[in-house]
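The values are calculated or read from the model by the stated rules, or taken from the named source; none is laboratory data. Because the structure is a prediction, the values reported are computed rather than measured. Here the Cβ is made from the backbone with ideal geometry for all residues, glycine too, and neighbour counts use every protein chain on show.
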Amino acid sequence: MRRYLKGSMKPSWKRWFFGVILPVLLIFLIYILQTILIHFPEAGEAYAKHAFVVLSFLPAKISSLVPISLSEVFVVTLVLSSPILLAWLIIRIRRAVKNKRGKKCFFNIGRAAAWTVLGIYFLFMLLQGMNYTRYSLDDELGFGRRNYTVEELQEVYAWVISGLNESRSSCAEDEKGVVSYPGGKYAFLSDMEDLYEQSAKKFSQIRGNSARPKPVMLSHYWSYTYIVGLYFPFFAEPNINVDVPFVEMMYNTCHEMSHLHGYAVENDANLAGLLIALSSDCPELRYSGYYEAVELIIKDLVLAYNKDNDGLSKFLSQYPVVDGYFRDYNADKAYWLAIDPPEIVEKVFNATNDAYLKINQQKEGVKSYNMPTSIVADYYFIYVKGEA
């Protein structure tokens, strides 16, 4: 007569099905569901604006109560404890094999791993993955629906430089004359929750929960991987690299907080961050928006002038920029030149991020960080001039 271990199911195929095969199938089905929903953005939009807001509310509020990055504590703890856990697992396997219980041991490990991965993946989908299936923000805003003449882009550039000069002149500076914030970076992060929500009220499309962005203690080491910010969906927590120059950190904070407002796609988070910054009443934050807008509108002008470099240079020279902008630009450039991480590090992290984005239906991978052209012109003509 065949003996069964106490608590095991009969016959054995049921144990394998419910223990390992079922969770693997469910992981596959969840992935297929995301793949299907990417073609039905109205469902993703409804989820992001309703279910996601409810589900992310409690994690966001809990994480905001803690002044340090819970994500950083979790990751560091996991990394430090991994060798111990691995050693413990190897010892268990060796003992099981020695006692002729190897099959049971490997089955238990596989079952625990399969259900754990399923739980993590399911929670990720609820708190981030489903938001990849919504409409793009530029479509919601009505952006990207017209082409602009050279004269129109010139008008936009003049507006950008005017806003840049005005906001930069009102900014606080550090002892080196580089843009800063009253109280420093940590004071900015403390105020950013309110600053973001004040700007978000001006855009009905940007809805979500507020949360405190967290400074990362290992920020300097993050820079060696070119990580300037990270949204950790399980804690609904925007994590910010505070080692980078302040003008870059401000815009990165807007980007990461936009993920919490339901914009998982990177160029959508970039666009939402730009909207928040440009419309802010805070001169430092507003300046960070114009700082980004300068580069974007110049790219549009380069295309519009169609290799007429002399004509473009002559036009740009008509709009002088305040000295503070160049101090900030040079400080930002000098920072990254000093970091200069090994090429292999950049390639590994870039490949990892690219794979993550493609798994989440972003076919362009890391290229999805690039915002569509004419974004600044669209913002100007729709929200500044009021032309629909």
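Quick notes on this structure:
- Scanning the stretch 131-143 for residues that are of a type outside the set (Lys, Arg) and not in a helix (DSSP H, G or I) yields TYR135, SER136, GLY142, PHE143.
Residues checked against (1) of a type in the set (Lys, Arg); (2) at pLDDT below 95; (3) buried (at least 24 other Cβ atoms within 10 Å of the Cβ); (4) under 16 Å from the mean Cα position of the chain (by Cα):
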| position | (1), (2), (3), (4) |
| --- | --- |
| ALA200 | no, yes, no, no |
| SER204 | no, yes, no, no |
| SER210 | no, yes, no, yes |
| LYS214 | yes, no, yes, yes |
| SER223 | no, yes, no, yes |
| TYR226 | no, yes, no, yes |
| LEU230 | no, yes, no, yes |
| GLU237 | no, no, yes, yes |
| ASN241 | no, no, yes, yes |
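- Residues of the stretch 342-388 that are modelled with pLDDT under 70, among the aliphatic types (A, V, I, L, M) and closer than 26 Å to GLY142 by Cβ: MET371, ALA388.
- Restricting LEU25, LEU33 to those that are surrounded by 10 or more Cβ atoms within 10 Å (Cβ to Cβ) and either modelled with pLDDT of 95 or more or of a type in the set (Asp, Glu) (or both) reduces the list to LEU25.
- Among the residues of the stretch 330-350, those that are surrounded by 12 or more Cβ atoms within 10 Å (Cβ to Cβ) and not in a loop (DSSP other than H, G, I, E, B) comprise ASN330, ALA331, ASP332, TYR335, TRP336, ILE339, VAL345, GLU346, VAL348, PHE349, ASN350.
- Of the candidates SER210, SER219, the single residue that is polar (S, T, N, Q) and within 26 Å of ARG327 (Cα to Cα) is SER219.
Okay, residues lined up against (1) assigned by TED's automatic domain parsing to the domain that holds LEU312; (2) of a type in the set (Val, Ile, Thr); (3) touching a helix residue (DSSP H, G or I) at 6+ places or on another chain (Cβ under 9 Å):
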{"site": "GLY110", "(1), (2), (3)": "no, no, yes"}
{"site": "PHE122", "(1), (2), (3)": "no, no, yes"}
{"site": "GLN128", "(1), (2), (3)": "no, no, yes"}
{"site": "LEU141", "(1), (2), (3)": "yes, no, yes"}
{"site": "ALA158", "(1), (2), (3)": "yes, no, no"}
{"site": "GLU175", "(1), (2), (3)": "yes, no, no"}
{"site": "VAL179", "(1), (2), (3)": "yes, yes, yes"}
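- Among the residues making up the stretch 189-231, those that are assigned to a helix (DSSP H, G or I), more than 29 Å from TYR135 (Cβ to Cβ) and of a type outside the set (Ser, Thr, Tyr) are LEU189, ASP191, HIS220, TRP222.
- Single unsatisfied condition, LEU285 versus (1) surrounded by fewer than 18 Cβ atoms within 10 Å (Cβ to Cβ); (2) assigned to a helix (DSSP H, G or I); (3) of a type outside the set (D, E, K, R): (1)
- Consider the stretch 312-329 and keep the residues that are part of a helix (DSSP H, G or I) and surrounded by 13 or more Cβ atoms within 10 Å (Cβ to Cβ). The one that is farthest from the chain's Cα centre (by Cα) is PHE315.
- Taking the listed residues LYS176, LYS185, the one that is over 25 Å from ALA51 (Cβ atoms), surrounded by 13 or more Cβ atoms within 10 Å (Cβ to Cβ) and of a type outside the set (A, V, I, L, M, F, W, C) is LYS185, with no other qualifying.
- GLU175 being acidic (Asp, Glu) and not in a helix (DSSP H, G or I): yes
- The number of residues in the stretch 107-135 being among the charged types (D, E, K, R) and touching an Asp or Glu at 6+ places or on another chain (Cβ under 6 Å) comes to 1.
- Set side by side, the residues VAL24, VAL97, VAL20, VAL66 differ, and just one is within 22 Å of the chain's Cα centre (by Cα) and outside the structural domain of MET217 (by TED's automatic domain parsing), which is VAL66.
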